[in-house]
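The values are calculated or read from the model by the stated rules, or taken from the named source; none is laboratory data. In this text, all values refer to a predicted model and were calculated from it rather than measured experimentally. Quick reminder, even Gly has a Cβ in these numbers, built from the backbone with ideal geometry, and neighbours come from all protein chains shown. Just the protein is used for accessible areas: all its heavy atoms, side chains included, with ligands, DNA and RNA removed. Shrake-Rupley method; radii C 1.70, N 1.55, O 1.52, S 1.80 Å.
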Amino acid sequence: MLKKIKKIHFKDRVRYCLNPMGRRLCQIISDKQTNLCLSADITHCAGLLKLADQIGSEICLLKTHVDILSDFDAHFITQLKALARKHTFLLFEDRKFADIGNTVKQQYAGGLYHIAEWADISNAHTVPGPSIIQALQAVGLTKQRGLLLLAEMSAMGSLACKGYTKASVNMAKDYPEFVMGFIAQRQLSENPGLIHVTPGVHRDNVADSLGQQYISIEQAVTKNKTDIIIVGRGIYQSSNPLMEAKLYRKLAWQAYLSCC
């Protein structure tokens, strides 16, 4: 079990991050005073852009799934990047790469989406072993991108646990310039240069009908010592997304400060 230690404020964690995107993210979080990531699981470009513009002031990260967009085109990326600059947030494409090195390298660099050209951060399963990190790093490191390893998931019955999680943490140690942290349900490393991002956070619900297991802000940040919460439906399905985002932001930031 990890020792119970105090968190370090994000402004002080910048100097521990070896990945440039990790440093930038910590600085944005400190400057904007928000550790909220919006999961924008919207299926059409106009709706996603509208939501990003509406909520952008409240978030440090915008998480996308570009392969669910029914009308994706290059102009959408231009507009999305402009909103990221306007509101000062980073773009996190939740691609979850999970194949052999040669394949993921092509998925990251090319194809329809050219993810490495615009996504500040992406993520990967560690099932293929270190080769998946090596392949993504070969594309992303020169572009100063960052990678999150999927060490844990919020789905019921997930096999990303125990030995798998431990192996993921160990892999991160070997690629400190590219791996900036983890997708996880709790703090896995005491290295302040590694950022823990937690999906499945909801103020009201505990589960959905397809295996998603929700946890509260207090559980994620105060008890499990994570850094950034990811909220999707809890915000964009509410009657007032901006007001709900402001509330999630306030509660998550207060929870983090209480751990410092």
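Counting only protein heavy atoms and a probe of 1.4 Å, the accessible surface of the chain is 53% carbon and sulfur.
How many Å² of accessible area per residue for the chain, probe 1.4 Å? Walk me through the intermediate numbers first.
Values: 11540 Å² over 260 residues.
Result: 44 Å² of accessible area for each residue.
Taking 19 Å as the straight-line reach from the Cα of LYS7, the lysines in range (excluding those fewer than 8 positions away in the same chain) are LYS32, LYS223, LYS225, LYS250.
Taking 2.2 N^0.38 Å as the expected size of a compact globular protein, what ratio does the Cα radius of gyration of segment 75-172 give against it, to two decimals? It would help to have the intermediate numbers written out before the result.
On the way: Rg = 14.3 Å, N = 98, 2.2 N^0.38 = 12.6 Å.
For segment 75-172, the normalised Cα radius of gyration is 1.14.
Dividing the mean sequence gap of close Cα pairs (under 8 Å, 6+ apart) by how many residues the chain holds gives a relative contact order of 21 percent.
Spin-label model, ASN224/LEU257: points 7 Å from Cα along the beta carbon direction are separated by 2.4 nm. Surface calculation, 1.4 Å probe, protein heavy atoms: HIS44 sits at approximately 90 Å² accessible.
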